[in-house]
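The values are calculated or read from the model by the stated rules, or taken from the named source; none is laboratory data. Computed from a predicted structure; not experimentally measured. Cβ placement follows ideal geometry from the backbone for every residue including glycine, while neighbour counts extend to all protein chains displayed.
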Amino acid sequence: MTDKTNDGYYEAYWPRSPREQLTRKLAPRLDTLEGKTIAQLWDELFKGDIVFELLEEGLKKRYPGAKFVSWREFGSTHGGNEKAALEALPQKLRDFGVDAVMSGMAC
């Protein structure tokens, strides 16, 4: 045992590293989805194929001029090929003329 006392005070270390990313302004929001092209991104885990089908159906009723680019065009955003899929994403979004993205992931 030691005779050293700390008077109830202990050194503590913050378990997280310093913040590396500065906060940036959010992109401007679209006024409407009418006439817009909407991409679907998915990690191919929990029933996104069903969820995106239902979302697309509902959004087409509300915004008949909206167009959708299937998650199948982009590849999985999770798993073995996610790095390649995400690296290719900006160019694919430009190529498809995407205005908005719906990203789905499993819990």
statement: Expected single match for at pLDDT 85 or above and touching a Gly at 6+ places or on another chain (Cβ under 8 Å) among 34, 56, 73 is 34
task: Find all pairs meeting these conditions: Cβ atoms under 7 angstrom apart; at least six residues apart or on different chains; first residue within the range 80-100 and within 22 Å of residue 29 (Cα to Cα); second residue surrounded by 11 or more Cβ atoms within 10 Å (Cβ to Cβ) and of a type in the set (Lys, Arg).
output: 99/36; 100/36
message: Testing residue 62 on (1) closer than 21 Å to residue 35 by Cα; (2) surrounded by 13 or more Cβ atoms within 10 Å (Cβ to Cβ); (3) free of Cβ contacts under 8 Å to residues at least 60 places away in the same chain, one condition comes back false. Which one is that?
response: (2)
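Tally time: how many residues in the range 16-59 are among the small types (Gly, Ala, Ser), within 21 Å of residue 97 (Cα to Cα) and loosely packed, with under 10 Cβ neighbours inside 10 Å? Break it down into steps so the answer makes sense when it comes.
Let us first name the residues in the range 16-59 that are among the small types (Gly, Ala, Ser), namely 17, 27, 35, 39, 48, 58.
Then keep just the ones that are within 21 Å of residue 97 (Cα to Cα); that gives 27, 35, 39.
From what's left, loosely packed, with under 10 Cβ neighbours inside 10 Å: 27.
Counting residues in the range 16-59 that are among the small types (Gly, Ala, Ser), within 21 Å of residue 97 (Cα to Cα) and loosely packed, with under 10 Cβ neighbours inside 10 Å gives 1.
What are the residues in the range 42-58 that are part of a helix (DSSP H, G or I) and touching a helix residue (DSSP H, G or I) at 6+ places or on another chain (Cβ under 7 Å), if any?
48, 52 - these are the residues of the range 42-58 that are part of a helix (DSSP H, G or I) and touching a helix residue (DSSP H, G or I) at 6+ places or on another chain (Cβ under 7 Å).
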